[in-house]
Amino acid sequence: MPASFRAQGTQGLGARGVAVAAALVAALTLLPLLVVVPDALSADPGEAARYLLRPRVGELLTNTGMLFAVTVPATVVVGVAAAWLVERTALPWAGMWRTLLLAPLAVPSFVSAYAWVTVAPWLDGFGGAALVTTLAYFPFVFLPVAALLRTLDPGDEEAARSLGLSPAAAVVRTVLPRLRPALSGGALLVALHLLAEYGVLEMMRFQTFTTAIMQQYAVGFSSSTSSLLASVLLTLCLVALVLDLVARGRHRVARVGSGVQRRAVPAVLGGWTAPALAFLAALVALSVAVPVATVVRWLLHGLSAGDPLDAGLVQVTVSTLGLAVLGAVAAVAAALPGAWLLNRHRSGLTLLLERTTFVASALPGVVVGLALVTLAVRWARPAYQTVGLIVLAYTILFLPRAMVSLRAGLAAARPELSEAARSLGLSGPVAFVRVVLPLVAPSVLTALVLVALAVSTELTATLLLAPTGTDTLALAFWRHASELDYAAAAPYAAVMIAMSVPLTIVLRRQILEER
């Protein structure tokens, strides 16, 4: 038990109990590794070495590395630039831009790929994959950075400028260090999504480890070779986690001191107003307008041709909504103990627990799904093809989305407030409910929405684990799109987008209400 736990006794929301809960969550997220790692180790060492040293594996590693090298920096640059423009400048119609810049979250990434494939069939391979993933994932950086920019007090920046620093130098010295938790967390989400992405890459015909693993399972169901490829993905995930740990740093975000917290005075863009508006307009057009217009075009094409809407569309929508709610609640509840420990009792153990919850999420959904099927059949047969098992898969896959959001919210919630509440006689749980929970409620709601959006568009794990007779919008869309029946796929894409719009509006409100 870390020294900080022993020193604080029963304070801090029962740190020992929270640590036990976080450890149990970490153990659950490692369940897929109980299948993947033994399968990989069961292969003959010589054959495993020859398999991993093949040119094909080198090609997959190169492709994955290229996608990382382009998409992660691109999403960081685009997300931070957009967040800065809407939150720290006197940008015209800033409220409208906040909504539009979150709108890509309402468009599933594989729907965006489907749109670009039909609009520009020549745009495939690496270029198409990098473009679509950047357009689909930049909100993961924009959302936490914009929310944090609204909460940061300008006092340090003003003090730096009073000491003679230029406006740009003051921002670099005082603002950017405090953005590191949100920025590194968003970049980590992008990296993990790239590792596990399947739909976009398959449509763009760009091969990475995820598409290769899916082909192994579909063609030969070779668990050992697929597990070897999955072990490479795990290694890449560990590299991403270490880089995030280094990039995040230990800089304090929450403000300390007397006085009322203020918002920074927006910078006047002047001659840069037109370029800024053109940049945001192009970003929204490419990430939202193209996919939505394409879906509407195919939907109208199908209706004009006399194709009736699928009679089961309503039932599929209800099933998708139910799974999204269950998955979101489970993931946020599982992420809260680890996020709390990391912000209130930071130590080597808490860092290990948090990093552990990110590992299995880098595996493709098909690997997590098949691993849970194997474990259920071997050790818990009654759990096979139950809602509980598929919700567990969603929790494992999307826990990082909840963790990053809660981590950023708790980082901005001053621990002195809960300590003051305890000094007035409140117990740890009561202080959490009355003091901390209202402060982090926007982050909790943001985490719920982000996970629900991900669950509603998950493909491979849902296909393997959904109870008999259960269908989702994503599965129905993929069946038609993979057969090149774009008109039949359009209604499911349209409903997914329509269902995601209210959730995106909720995210926008959380940014506006962050204080």
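Mind listing whichever residues of region 342-356 are assigned to a helix (DSSP H, G or I) and surrounded by 18 or more Cβ atoms within 10 Å (Cβ to Cβ)? Spell out how you get there, then give the answer.
Here is the first cut: in region 342-356, the residues assigned to a helix (DSSP H, G or I) are 342-344, 348-356.
Passing the criteria: 342, 343, 344, 350, 353, 354, 355, 356.
State which residue pairs qualify: first residue of a type in the set (Phe, Trp, Tyr) and inside region 140-152, second residue open to solvent by 10 Å² or more (accessible area, probe 1.4 Å) in any location, beta carbons under 8 Å apart, and separation of 6 or more residues or different chains.
Here the result reads 140/193; 142/78; 142/80, each pair linking region 140-152 to a residue that is open to solvent by 10 Å² or more (accessible area, probe 1.4 Å).
For residue 422, are the conditions met, namely being out of contact with any Gly (no Cβ under 6 Å at 6 or more places or on another chain), part of a helix (DSSP H, G or I) and modelled with pLDDT of 65 or more?
So residue 422 does not fit the description; no.
Hey, which of the helices (runs of 4 or more DSSP H) in region 83-175, taking only ones fully inside, have at least 1 residues that are under 26 Å from residue 277 (Cβ atoms) and modelled with pLDDT under 80?
Where helices (runs of 4 or more DSSP H) fall fully within region 83-175 and carry at least 1 residues being under 26 Å from residue 277 (Cβ atoms) and modelled with pLDDT under 80, they are 125-151, 155-162, 167-170.
Just one of 339, 330 is in a helix (DSSP H, G or I) and surrounded by fewer than 24 Cβ atoms within 10 Å (Cβ to Cβ); which is it?
330
If I go through region 1-50 residue by residue, how many of them are part of a helix (DSSP H, G or I), among the charged types (D, E, K, R), exposed (fewer than 12 other Cβ atoms within 10 Å of the Cβ) and modelled with pLDDT of 75 or more?
Going residue by residue through region 1-50, those that are part of a helix (DSSP H, G or I) are 3-8, 11-29, 33-42, 45-50.
Filter once more, keeping what is among the charged types (D, E, K, R): 6, 16, 39, 47, 50.
From what's left, exposed (fewer than 12 other Cβ atoms within 10 Å of the Cβ): 6, 50.
Applying the additional criterion that residues be modelled with pLDDT of 75 or more yields 50.
Qualifying residue count for the region: 1.
Is it the case, given these coordinates, that residue 90 is touching a Pro at 6+ places or on another chain (Cβ under 7 Å), open to solvent by 10 Å² or more (accessible area, probe 1.4 Å) and under 15 Å from residue 286 (Cβ atoms)?
The answer is no for residue 90.
Exactly one of these conditions fails for residue 211: (1) modelled with pLDDT of 80 or more; (2) buried (at least 22 other Cβ atoms within 10 Å of the Cβ); (3) not basic (Lys, Arg). Give me its number.
All conditions are met except number (2).
What's the number of the only condition in (1) touching a helix residue (DSSP H, G or I) at 6+ places or on another chain (Cβ under 9 Å); (2) open to solvent by 50 Å² or more (accessible area, probe 1.4 Å); (3) under 20 Å from residue 34 (Cβ atoms) that residue 367 fails to meet?
Unmet for residue 367, out of (1) touching a helix residue (DSSP H, G or I) at 6+ places or on another chain (Cβ under 9 Å); (2) open to solvent by 50 Å² or more (accessible area, probe 1.4 Å); (3) under 20 Å from residue 34 (Cβ atoms): (2).
Contact list please: Cβ distance under 9 Å, first residue in region 100-124 and more than 15 Å from residue 489 (Cα to Cα), second residue in a loop (DSSP other than H, G, I, E, B) and open to solvent by 20 Å² or more (accessible area, probe 1.4 Å), pairs at least six apart or on different chains.
As it stands, the answer is 124/205, since those pairs meet every condition given.
Given the criterion under 19 Å from residue 453 (Cα atoms), part of a helix (DSSP H, G or I) and open to solvent by 10 Å² or more (accessible area, probe 1.4 Å), identify the matching residue among 359, 377, 325.
Within the list 359, 377, 325, the selection yields 325.
Looking at residue 450 and the list (1) modelled with pLDDT under 85; (2) not in a helix (DSSP H, G or I), which single condition is not satisfied?
Going through the list (1) modelled with pLDDT under 85; (2) not in a helix (DSSP H, G or I), residue 450 breaks only (2).
Have a look at 76, 107, 80 and point out the one that is in contact with a helix residue (DSSP H, G or I) (Cβ under 6 Å, 6 or more places away or on another chain) and surrounded by fewer than 21 Cβ atoms within 10 Å (Cβ to Cβ).
It is 76.
Given (1) within 29 Å of residue 305 (Cα to Cα); (2) in contact with a Phe, Trp or Tyr (Cβ under 9 Å, 6 or more places away or on another chain), identify the lone condition not met by residue 497.
Result: residue 497 fails condition (2) only.
Residue 70 is checked against (1) outside any helix (DSSP H, G or I); (2) of a type in the set (A, V, I, L, M, F, W, C); (3) open to solvent by 50 Å² or more (accessible area, probe 1.4 Å) and fails just one. What number does that condition carry?
For residue 70, the failing item is (1).
Among the candidates 281, 285, 380, 328, single out the residue that is small (Gly, Ala, Ser), out of contact with any Pro (no Cβ under 6 Å at 6 or more places or on another chain) and at pLDDT below 90.
380
Can you find a residue in region 248-267 that is modelled with pLDDT of 65 or more, under 22 Å from residue 347 (Cβ atoms), open to solvent by less than 50 Å² (accessible area, probe 1.4 Å) and in a helix (DSSP H, G or I)?
Checked region 248-267: at least one residue is modelled with pLDDT of 65 or more, under 22 Å from residue 347 (Cβ atoms), open to solvent by less than 50 Å² (accessible area, probe 1.4 Å) and in a helix (DSSP H, G or I).
Would region 176-186 turn up any residue that is modelled with pLDDT under 85, part of a helix (DSSP H, G or I) and charged (D, E, K, R)?
yes
The values are calculated or read from the model by the stated rules, or taken from the named source; none is laboratory data. No experiment lies behind these values; they were computed from the predicted model shown. Ideal geometry is used to build each Cβ from the backbone, glycine not excepted, and the neighbour counts take in all protein chains shown. When the accessible area is computed, the model is the full protein with side chains, heavy atoms only, and any ligands, DNA or RNA have been set aside. Shrake-Rupley method; radii C 1.70, N 1.55, O 1.52, S 1.80 Å.
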